[in-house]
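S.K.: Below you will find the structure I want to go over with you.
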Amino acid sequence: MVIINDGDGKGKTTAAIGQAIRSIGQGLRVKIIQLIKNGSSGEIKILQQLKIAVEQYGLGFTSKGDKSQHKISALKGVAAIKNSIDSGQFDMIICDEINYAVSGGLIEEKTVIDLIEQANRSNVHLILTGRGATDRMIESADIVTRMTKIKHAFDKGIKAQAGIEF
Ligand code: ATP
Ligand code: MG
């Protein structure tokens with residue numbers, strides 16, 4: 001299965017983490033690879049306690065810093081996803097923020113289509129999260145959900161809170 005969590009509302013990453021917990025409970029071997037992000041969000045500590053592999057290949061906000069460095073980092077993340085599929089050690093790989101890496105110009109759409117094809121050949125489930133999945137990515141996926149923002153506290157100037165946003 002290729003699952004995409006897209007859209008401008010809250011819930012893409014947390015839904016992917018919920019999916020991971022369910023899959024682990026069914027004996028699937030899950031790996032989480034995060035692009036763009038580099039902070040420690042609450043779930044990472046718990047996943048590490050559960051000995052679930054989480055790897056980060058990000059430099060934080062793409063609006064800050066040198067774009068070519070962000071690109072290099074994202075490409076390392078893509079290489080890690082490829083290797084994880086090929087390793088045969090995982091049944092599900094969560095590629096967090098990979099949609100945003102495409103819409104933000106860090107990686108090519110074709111790169112993600114290749115990952116999807118590789119995962120399908122290897123019978124590995126892929127979960128792709130982030131805003132801005134392309135039409136081709138959506139066509140190539142089996143399950144696509146768009147989180148639509150109705151309201152977000154951020155718009156009222158409320159800053160990200162521990163336990164809610166990270
Ligand atoms: P979550 O990790 O809570 O499931 P997400 O993965 O859907 O959220 P991202 O686009 O990855 O959201 O954004 C990262 C952070 O920005 C999250 O902490 C999220 O709460 C927050 N966020 C999500 N949607 C919005 C929005 N429309 N406006 C402002 N902040 C948002
Ligand atoms: Mg997210």
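The values are calculated or read from the model by the stated rules, or taken from the named source; none is laboratory data. On a predicted model such as this, the values are computed, not experimentally measured, just so you know. Don't worry about glycine lacking a Cβ; one is built from the backbone with ideal geometry, like all the others, and counts go over all protein chains shown. The protein model used for the area step is the full one, side chains on, heavy atoms only, and it has no ligands, DNA or RNA in it. Shrake-Rupley method; radii C 1.70, N 1.55, O 1.52, S 1.80 Å.
S.K.: Filter region 15-37 for residues that are within 16 Å of ligand 1 (Cβ to nearest atom) and loosely packed, with under 13 Cβ neighbours inside 10 Å and give the result. Can you show your working first?
M.R.: First pass over region 15-37, keeping only residues within 16 Å of ligand 1 (Cβ to nearest atom): 15-22, 32-37.
Listed by number, the residues that qualify are GLY18, ARG22.
S.K.: Please work out which one of (1) of a type outside the set (Lys, Arg); (2) at pLDDT below 95; (3) surrounded by 14 or more Cβ atoms within 10 Å (Cβ to Cβ) is the condition SER40 fails and give its number.
M.R.: So the condition that SER40 fails would be (3).
S.K.: I need the full set of residues from region 18-35 which are within 14 Å of ligand 2 (Cβ to nearest atom) and over 18 Å from SER84 (Cα atoms), in order please.
M.R.: Within region 18-35, the subset within 14 Å of ligand 2 (Cβ to nearest atom) is 18-20, 32-35.
Correct list: GLY18, GLN19.
S.K.: Does any residue in region 8-27 that is farther than 13 Å from ASP96 by Cβ come within less than 8 Å, Cβ to Cβ, of a residue that is more than 16 Å from ligand 2 (Cβ to nearest atom) and open to solvent by 70 Å² or more (accessible area, probe 1.4 Å) six or more places away or on a different chain, and which pairs are these?
M.R.: GLY9/ILE150; ILE24/LEU50
S.K.: Inside region 62-166, counting only helices (runs of 4 or more DSSP H) that do not spill past its ends, which hold 3 or more residues that are away from ligand 1 (no atom under 16 Å from the Cβ), open to solvent by less than 60 Å² (accessible area, probe 1.4 Å) and not hydroxyl-bearing (Ser, Thr, Tyr)? Even if it seems obvious, please write down each step before you answer.
M.R.: On the way: elements: 67-87, 98-103, 109-122, 135-140.
Of the helices (runs of 4 or more DSSP H) lying wholly inside region 62-166, those with at least 3 residues that are away from ligand 1 (no atom under 16 Å from the Cβ), open to solvent by less than 60 Å² (accessible area, probe 1.4 Å) and not hydroxyl-bearing (Ser, Thr, Tyr) span 67-87, 109-122.
S.K.: Checking the condition without any contact (Cβ under 8 Å) to a residue 40 or more places away in the chain, at negative phi and not β-branched (Val, Ile, Thr), which residue from ALA133, ALA101, ALA119, ALA53 passes?
M.R.: On inspection, the qualifying residue turns out to be ALA53.
S.K.: Which of the residues spanning region 139-162 are closer than 26 Å to LYS45 by Cα and in contact with a helix residue (DSSP H, G or I) (Cβ under 6 Å, 6 or more places away or on another chain)?
M.R.: MET147
S.K.: One residue is enough: does region 48-65 have a residue meeting the conditions within 16 Å of ligand 2 (Cβ to nearest atom), modelled with pLDDT of 95 or more and aromatic (Phe, Trp, Tyr)?
M.R.: Within region 48-65 (the criterion being within 16 Å of ligand 2 (Cβ to nearest atom), modelled with pLDDT of 95 or more and aromatic (Phe, Trp, Tyr)), the answer is yes, since at least one residue qualifies.
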